[in-house]
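Report on one structure; see the data block that follows.
The values are calculated or read from the model by the stated rules, or taken from the named source; none is laboratory data. In this text the structure is predicted, and so the values were computed from the model without any measurement. Virtual Cβ from ideal backbone geometry, glycine too; neighbours counted across all protein chains shown. Please note that ligands, DNA and RNA were not included when accessible areas were found on the heavy atoms of the full protein model with its side chains. Shrake-Rupley method; radii C 1.70, N 1.55, O 1.52, S 1.80 Å.
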Amino acid sequence: MDPAQTSPGEAIRITDVIAHPLSQTLPKPTVTSWGSYTKVSIVLVEVRTDAGLIGVGETLARFSPKAYADLIETSLKPRLVGQDARNIGALWQSMRRSLSGRAGGMLIEAIAGVDIALWDIMGKAAGLPISKLLGGTGRERIDVYAAAVNWVDDTEADRELERYIGEGFPRIKVKMSNPVKEACRRIERLRDRAGDDIALCVDANWAYNLDQAIEVGRALSANGYFWFEEPLAPENEQGYEELRKRCDVPLAGGESNFTADQAQRLVANRTLSILQPDVARAGGITETRRMADYAALHDVGYAPHIGMSGIVCETASVHLAAALPNFKVMECECDLSPFKRELADLAPGCLRQKDGTLDVPTGPGLGIEIDWDAVKRLRIQ
């Protein structure tokens, strides 16, 4: 339906919600402190309306995607069908009440996929990209960094670093793990190879206890790395506060947070310099914006996490980055997986970036069209 045919006062009723559990084998394993990832999954959420508008969203469901799809279709869908798709705030709260208990886990990740799809519908109905619906800052391009140099042997790490530099990335993330002495040696080695003109940061994926993180943090500070991401388990908030006092490198985290209240403590006391919610985990665009706005109130930067997600998560993150005033830099995952290459008509960010910047889609909603044949190929039966 042409957006011009959609009356501003006329409801756009949801007629169906379809959850597509998708799985892929990565072209190259992603190796972190958690181990080697060779296969990951997501759920693509499709929301249909009586106006003929279809929205798409993405749920972070790296494992057991059929369980997420079942949750969406049995618990969330009944609360959505028949409702006005543009009442996003009310629908978010209704979905949140489908399960009792503290917010988090599969429920909020499932809501994220639906929420992104609702914003896609809203943009299509208005004829505007999501970045404009969010208020916009006038950004037409955003800064990105390459992710990532994996926790692999020196030869492979050098090769990955050189690849990203050759592709024009001025900022690069490095995965780090144990043993600590090896990590500190890797930190110094890659700084020497990259030179002073390339900005480097580290992601530890919770690899360390506090004493280990202090030692690694000091090595990062001595070698000019621009942040230390998730050095400790996300529940260890007191540990993060102590680490902040005992090393100079800025701390980044938040990809493991589901809702704004879970980010509150470390943002309010500025233990974190950078907050990194993942839109496919943190309740979608609605809750991620709340997190970023709260961070802005405390002079904490916003840097979207992408990881091994798909093109819908990446594109929704670009729109948030374009709109929010405290945006700093966005992760640009370079895995070239089917979720990024095959699912839509938009090329992955790592192929579109130029000199570490990425264009913001200008079409209505997300500004992408899904390849439904690719969805069928990747769907788990």
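Structure data summary
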quantity	calculated
Area accessible to solvent at Glu160, 1.4 Å probe radius, in Å²	10
Local electrostatic count, Asp371, Cβ distance below 14 Å [Lys/Arg +1, Asp/Glu -1]	0
4 °C / 1.567 mPa s Stokes-Einstein diffusion coefficient of the range 206-291, Kirkwood radius on C-alpha pairs, µm²/s	100
Leading residue at positive end of dipole, the chain (Cβ point charges), from Asn150, Leu366, Ala268	Ala268
Residue order for Ile18, Ile130 - accessible surface, 1.4 angstrom probe, largest first	Ile18, Ile130
With DNA, RNA and ligands ignored, accessible area of Arg281 (1.4 Å probe; Å², nearest 10)	50
Additional length obtainable on full extension of the chain from Asp373 to Glu235, 0.36 nm per residue less Cα span	45.6 nm
Label-point separation in nm, Ser64 to Asp196, each point 7 Å along Cα→Cβ	5.1
Residue-normalised accessible area of the chain, given per residue in Å² at a 1.4 Å probe	38
Rotationally averaged projected area of the chain (alpha carbon convex hull; nm²)	17.4
Count, lysine Cα pairs under 16 Å in the chain, 8 or more residues apart or across chains	10
Estimated translational D of the range 10-118 in µm²/s (Stokes, Kirkwood radius over Cα pairs; 37 °C; 0.692 mPa s)	226
Sites Ser75 and Glu140 - FRET efficiency at Förster radius 41 Å, r taken between beta-carbons, to 0.05	0.55
Pairwise FRET efficiency - Ile18 versus Thr362, Cβ, R0 = 25 Å, nearest 0.05	0.40
Centroid-to-centroid separation of the range 333-374 and the range 278-303 [C-alpha atoms, Å]	22
The chain: Cys lacking any partner C-beta under 4.7 angstrom	Cys184, Cys201, Cys247, Cys313, Cys332
Per-bin percent of Cα-Cα distances, the range 86-208 [10 Å]	11, 27, 19, 25, 17, 2
Difference of contour (0.36 nm per residue) and Cα-Cα distance, Leu351 to Thr155	68.1 nm
